[in-house]
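The values are calculated or read from the model by the stated rules, or taken from the named source; none is laboratory data. Bear in mind the structure is a predicted one, so any value in this text is a computation, not a measurement. All Cβ positions, even for glycine, are placed from backbone atoms using ideal geometry, and neighbour counts span all protein chains on display. Areas reflect the complete protein model, heavy atoms only, side chains present, ligands, DNA and RNA absent. Shrake-Rupley method; radii C 1.70, N 1.55, O 1.52, S 1.80 Å.
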Amino acid sequence: MTRWLGVALLPYPGHIRAAIRLQQSLGGSLPLHPPLSEDGNLPHLTVFQGPFEGGPDPEQELTRITAALSLPDQLSLASVGVVHQPTGWLFMSVERPALLEKLQEVVLDGLAPHLDRQAFDTAEDTSRFTEPERASLARYGYRYTGEAYAPHITLGRTDEATALNLERTASEHTRVPTEWIFDRLSFYAMGEHGAHAEKLAERPVGAV
């Protein structure tokens with residue numbers, strides 16, 4: 001059976017709440033979907049997600065990842081700001097240091113062999129994708145890997161016109177933190193729009 005799973009960095013509790021407030025204040029009377037919450041769809045920074053057949057084992061994968069890479073107890077990533085991504089997405093984008101790129105490489109090394117490539121969405125409209133994004137989707141079933149990796153906390157999705165307007169007026173509606181601190185790795189089951197719907201395993205970022 002195909003399962004849609006992912007590996008993500010989770011913000012520390014104060015920044016989980018900050019991301020939830022950011023989504024709510026940004027959307028206002030036009031709520032973004034899916035709604036973020038502390039006991040439902042957790043705010044997160046996806047490292048990789050996709051369809052898997054059979055394995056992998058969540059606990060074993062997080063152990064492998066933390067053993068393969070020397071990570072600090074916390075990752076502090078500078079905010080880039082609220083950005084629009086076609087079509088209809090709003091992201092809280094953050095910087096992409098070399099350590100984050102290496103983390104994705106380590107995750108892909110273990111997870112790519114388990115991908116159910118028959119489940120890739122080959123019918124997806126990629127006309128607004130960049131060439132690296134199309135290449136990433138074809139290779140891994142996920143839009144943001146390698147050159148196309150775009151670290152972000154997803155704030156939600158709406159129609160394209162609304163998303164563009166909310167990006168333009170974001171500073172009028174909300175205050176964006178200058179940095180985001182992540183202290184845990186999560187292996188999760190995906191929900192609507194790639195949401196972090198169910199935590200299957202969790203490990204401190206700097207665990208050995």
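Express the C-alpha Rg of region 35-109 as a ratio against the empirical globular expectation 2.2 N^0.38 Å, rounded to two decimals.
Working: Rg = 14.6 Å, N = 75, 2.2 N^0.38 = 11.3 Å.
In units of the 2.2 N^0.38 Å rule of thumb, it is 1.29.
List the extent of the Cα atoms of region 77-153 along each of their three principal axes, largest first, rounded to whole Å.
Cα extents, longest axis first: 36, 29, 18 Å.
How large is the dipole of the chain about the Cα centre if only Lys and Arg carry +1 and Asp and Glu carry -1, each at its Cβ, rounded to the nearest 20 debye? Mind showing how you got there, number by number?
Numbers: 17 positive and 27 negative charges, 54 e Å.
Taking the Cα centre of the chain as origin, the dipole is about 260 debye.
Using the C-alpha gyration tensor of region 136-183, what are the square roots of 5 times its eigenvalues, in whole angstrom, with the largest one first?
Values: eigenvalues 127, 63, 14 Å².
Here the semi-axes work out to 25, 18, 8 Å.
Which ³J(HN,Hα) values, rounded to whole Hz and listed in residue order, are derived for region 96-103 from phi using the Karplus coefficients 6.51, -1.76 and 1.60 in 6.51 cos²θ - 1.76 cosθ + 1.60 with θ = phi - 60°, glycine and proline given as x?
10, x, 4, 5, 5, 4, 5, 4
Where Lys and Arg each count +1 and Asp and Glu each count -1, what net charge lies around Pro132 among other residues with Cβ under 10 Å from its Cβ? Could you put the intermediate results ahead of the total?
Details: positive: Arg134, Arg143; negative: Glu131, Glu133, Glu147.
Residues close to Pro132 contribute a combined charge of -1.
Within region 104-208, which trypsin sites (Lys or Arg not before Pro) sit in a loop by DSSP and count at most 14 neighbouring Cβ atoms inside 10 Å? Before the final figure, lay out each step's value.
Working: sites: Arg117, Arg128, Arg134, Arg139, Arg143, Arg157, Arg168, Arg175, Arg184, Lys199; in loops: Arg128, Arg143, Arg175.
Those satisfying the criteria are Arg128, Arg175.
Tell me, what HN-Hα J-couplings in whole Hz come from the Karplus equation 6.51 cos²θ - 1.76 cosθ + 1.60 at θ = phi - 60° for each residue of region 124-140, using x for Gly and Pro?
Running phi through 6.51 cos²θ - 1.76 cosθ + 1.60 with θ = phi - 60° gives 4, 6, 10, 5, 9, 7, 7, 4, x, 5, 5, 5, 4, 4, 5, 7, 10 Hz.
Rg(Cα) of the chain divided by 2.2 N^0.38 Å?
Values: Rg = 16.2 Å, N = 208, 2.2 N^0.38 = 16.7 Å.
Rounded to two decimals, the normalised Rg is 0.97.
Determine the share of the chain's accessible area contributed by carbon and sulfur atoms, expressed in whole percent, with a 1.4 angstrom probe. Show your work: numbers first, answer last.
Values: 4730 of 9660 Å².
Taking all protein chains in place, the chain shows 49 percent carbon and sulfur surface.
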